[in-house]
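Report on the following structure.
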Amino acid sequence: MCFMTGQAVQYYPETIPAFKGNPIIECLRPRVRTTEIIKELAVRPEYKPTDRDGSPEDRGMLTQMHSAASGGRCCGLRTAAGR
């Protein structure tokens, strides 16, 4: 149970001996394999040369749309924004 939010915390088994038994590390999501990260980064969004001519707001919206299309995730990495 998280002392700050009162929500249940999920713990994952740790494979590195020095980290075993450390509740702060064991509550982090499992590490992502390098091959999975490469696969996620290799996806290129649909792009038209005219996209560069748009206003900064339009280009920002296109960026957000591409991010949403990929699930808005950062390759499943352990990031504060991705939790």
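Derivation of every value follows stated rules applied to the coordinates shown; laboratory data play no part. Just so it is clear, the structure is predicted and the values come from calculations on it, not from any experiment. Here the Cβ is made from the backbone with ideal geometry for all residues, glycine too, and neighbour counts use every protein chain on show.
Observations on the structure shown:
- Shape of the stretch 1-51, Cα gyration tensor, a/c cut at 1.5: oblate
- Distance between the pseudo-spin-label points of ILE16 and ARG44 (7 Å out from Cα toward the beta carbon): 3.5 nm.
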